[in-house]
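Read the structure below first, then the notes.
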Amino acid sequence: MRWSQTLIPTLKETPAEAEIISHKLLLRAGLIRKLTGGLYTFLPLGLRALRKVEQIVREEMNRAGALEVLMPALQPPDIWQQSGRYEAAQDVLFKVRDRAKKEWVLGPTHEEVITSLVAGEISSYRQMPKNFYQIQTKFRDEIRPRFGLMRAKEFIMKDAYSFDATDELAQDSYRKMYDAYARIFQRCGLKTIAVEADTGVMGGKFSHEFMVPAETGENEVVFCEGCGYAANVEKATSGAAKAAATAGEQPKPEKFATPGVVTIEALTRPPHNVSGDKQIKTLVYIADSKVVLVLLRGDDQLNEAKLAGALGTATFRPAEPAEIFNALGAHPGSLGAVDVKAHPVYADERLRDASGMTTGANQDGFHLRNVVISRDIVVNHWAELRVVQAGEPCSKCGQPLKVQRAIEVGHVFKLGTKYSIALKALFLDESGKQQPAIMGCYGIGVTRTLQAVIEQSHDDNGIVWPLSVAPYAVCITPLNVAADSEVMKRAESIYKELTQRGVDVILDDRNERPGVKFKDSELVGFPIRVGVGEKSLAKGEIEIKPRAGALIPVKVEEAVERIIALMNAGTQAKGQG
RNA sequence: CGGGGCGUAGCGUAGCUUGGUAGCGCGUCUGAAUGGGGUUCAGAAGGUCGUGAGUUCAAAUCUCACCGCCCCGACCA
């Protein structure tokens, strides 16, 4: 490709809409342009990089034995009714109507479609295992699209669905996808950590997310450098010390006046001086329209994902102040669970043997001290409910846990039989008995992965593409583009030869000053720049400049071989194959 | 949806407090010089000041409503 003939609208200044570095560089390097919030056009260069990522995904899925299909993005609502997700997913479902006013949905994911397909086509254990995948545009009515391609209303996803006859085989399918994902992200030049993920109220035994560590990520992962434990904060547990049971007779709860004290923090100050770990925090939630109390140690934070698991429902919300007063007779800041029997109480495991605790007295302006949980509070459900904090000991090996923000680029999930039962994907097993297929689902955000590569690989001058996903591997930069100049003739012949050798190469044939060309090629981030100019040509040399390395002068006649050798070395370094 | 911020040329912005001819930089076009790190000079094109209503002799500027975008929270690849 000749630079002058494509469209690479680089920008010196960053559009005001971009906040994070990868979004800024996507725009500045001329890879994408926004149509409106959450909707982007891929320009020629951005599309090339995207296709490279897609191809890596495709190769590794094929290698893992998955079968590529293409399902409709436009879907009938009735299969969503059947799976029960028409309501459950209504917030993200885009709905459209045809001329007869019939409603359709734009697919945010394809469990319903693929399961309908399998229900019709697979009827014997002999036809399994099967794993179908597609690379396709998904539509989600995101509450808040942000950061360019990171969270968009429309994005490209690779989604795969496995169907197995037995639980054991389903685990094999899961493992294959897990391994394929590790290879895919490695080939894209991404450092990822696979973390245990929350399976939510859907149940399921296994779920892992592939995370790219980045300060701008929307997730937090907890990991241990000692034993390799890694989990999404929503799922993570730690070996943080619990209170020791205190032997012997304990003093009775005693009410004391705390005028104006309505926060945990206020109670830690004089004159009360009750440290956070000696307080019980009482939260009030409305779960399936019923009041529930949630107890945590004063210095702990509630993890709502864990609460969802404990409650067995995802439909819950913090109670409004009026609802709280109605239920407990006091306002937030003076709440407690002592002697509360009208509402179910969920308590964090860390409180199990706690004594000498202070909590609200359910009377505004008063607290209770000397509270012993086991004696004074009726706890209906004990559960792990707290957010793990950095520095707490790993529950497996005891080393301090670390917390890191990260971008989720992939998610593998063992689904079980939820969809196969709902949509009747049944088969006959060896004994002739009808069974629902055991499913797994596996997603990669392809467009998000592309942006994550940039987020992880850039410097002050621009993008630093890994060779595997670079829009062009080589950019030839002649410093004189006059057709009859020796410089341009050399550049043309290298361009021609590399093209014939199958290298993705772009020739910067613009009549621009050297500085402009150098800046642009670095901003866009081509892995190898080949400089052809009069000064080096006079010595019989051209200049090879790896994007992330030092300039290498080489003899003109060796140029092509050296470039290809450099590319092969780079490919091997990325562990391809 | 709740909270915060912002809408002025393709991009980045000044002007708004205190109403009176819409300005600058980048980019674009023409010409010239320059030619190994976003070069310089001269000239030019390009604006419903987000939309609508109101106040006023007069609105980018003041008021109200609406729309859009960005950031923080709930959701997810």
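The values are calculated or read from the model by the stated rules, or taken from the named source; none is laboratory data. These figures come from a predicted structure and were not determined experimentally. We place every Cβ from the backbone using ideal geometry, glycine too, and count neighbours over all the protein chains shown.
Brief remarks on what is shown
- Among (1) part of a loop (DSSP other than H, G, I, E, B); (2) closer than 22 Å to A:Gln301 by Cβ - the single one A:Glu408 does not satisfy: (1)
- Contacts under 6 angstrom Cβ, first residue in segment A:81-110 being at negative phi, partner at pLDDT below 90 and not aromatic (Phe, Trp, Tyr), 6 or more apart: A:Pro108/A:Val92
- Residue that is surrounded by the most Cβ atoms within 10 Å (Cβ to Cβ), among those in segment A:464-494 that are of a type in the set (Ser, Thr, Tyr) and out of contact with any Asp or Glu (no Cβ under 9 Å at 6 or more places or on another chain): A:Ser468
- The C-beta contact set for segment A:15-29 (first residue free of Cβ contacts under 8 Å to residues at least 24 places away in the same chain, second residue surrounded by fewer than 24 Cβ atoms within 10 Å (Cβ to Cβ) and part of a loop (DSSP other than H, G, I, E, B), distance under 6 angstrom, 6+ apart or interchain) comprises A:Lys24/A:Thr14; A:Lys24/A:Ala18.
- Filtered residues of segment A:439-472 (kept if of a type in the set (Gly, Ala, Ser), within 14 Å of RNA strand B (Cβ to nearest atom) and not in a strand (DSSP E or B)): A:Ala452
- Residue within segment A:115-127 that is farther than 27 Å from A:Ile21 by Cα and assigned to a strand (DSSP E or B) present: yes
- Being hydroxyl-bearing (Ser, Thr, Tyr) and within 12 Å of RNA strand B (Cβ to nearest atom) is true of A:Ser207.
- The set of residues in segment A:27-38 being within 8 Å of RNA strand B (Cβ to nearest atom) and either closer than 17 Å to A:Thr137 by Cα or not basic (Lys, Arg) (or both) consists of A:Lys34, A:Thr36, A:Gly37, A:Gly38.
- Residues of segment A:384-420 that turn out to be surrounded by fewer than 16 Cβ atoms within 10 Å (Cβ to Cβ) and among the aliphatic types (A, V, I, L, M), as a count: 1
- For segment A:260-294, taking the residues that are touching an Asp or Glu at 6+ places or on another chain (Cβ under 8 Å) and part of a helix (DSSP H, G or I), the one that is farthest from A:Arg350 (Cα to Cα) is identified as A:Ile264.
- Taken over segment A:63-96, the criterion of being farther than 24 Å from A:Tyr174 by Cα, out of contact with any Asp or Glu (no Cβ under 6 Å at 6 or more places or on another chain) and part of a strand (DSSP E or B) is satisfied by A:Leu74, A:Gln75, A:Val96.
- Meeting the requirement of 2 or more residues that are within 15 Å of RNA strand B (Cβ to nearest atom), the strands (runs of 3 or more DSSP E) wholly within segment A:300-386 are A:316-318.
- Taken together, the residues in segment A:372-390 that are of a type outside the set (D, E, K, R) and under 17 Å from A:Ala241 (Cα atoms) amount to 8.
- Exactly one residue out of A:Pro321, A:Pro253, A:Pro332, A:Pro259 is farther than 29 Å from A:Val222 by Cα and modelled with pLDDT under 80, and it is A:Pro321.
- Applying the set (1) within 29 Å of A:Phe163 (Cβ to Cβ); (2) among the basic types (Lys, Arg); (3) free of Cβ contacts under 8 Å to residues at least 24 places away in the same chain to A:Arg63 leaves exactly one unmet item: (3).
Residue-wise test of (1) in contact with a Cys (Cβ under 9 Å, 6 or more places away or on another chain); (2) within 11 Å of RNA strand B (Cβ to nearest atom); (3) of a type in the set (A, V, I, L, M, F, W, C).
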| position | (1), (2), (3) |
| --- | --- |
| A:Glu492 | no, no, no |
| A:Asp509 | no, no, no |
| A:Arg513 | no, yes, no |
| A:Val516 | no, yes, yes |
| A:Ser536 | no, yes, no |
| A:Val554 | no, no, yes |
| A:Ala559 | no, no, yes |
| A:Ala569 | no, no, yes |
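- If you filter segment A:439-454 down to residues that are of a type outside the set (A, V, I, L, M) and touching a Leu at 6+ places or on another chain (Cβ under 9 Å), you find that the one that is farthest from A:Val113 (Cα to Cα) is A:Gln451.
- Filtering segment A:7-42 to residues that are hydrophobic (A, V, I, L, M, F, W, C) and assigned to a strand (DSSP E or B) leaves A:Ile32, A:Leu35, A:Leu39, A:Phe42.
Results for (1) more than 9 Å from RNA strand B (Cβ to nearest atom); (2) in contact with a strand residue (DSSP E or B) (Cβ under 7 Å, 6 or more places away or on another chain); (3) modelled with pLDDT of 95 or more, shown as yes or no for each residue.
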| residue | (1), (2), (3) |
| --- | --- |
| A:Ile476 | yes, yes, yes |
| A:Leu498 | yes, yes, yes |
| A:Arg501 | yes, no, yes |
| A:Lys519 | no, no, yes |
| A:Val524 | yes, yes, yes |
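- Restricting segment A:136-145 to residues that are crowded, with 19+ Cβ neighbours inside 10 Å and in a strand (DSSP E or B), the residue that is farthest from RNA strand B (Cβ to nearest atom): A:Phe139
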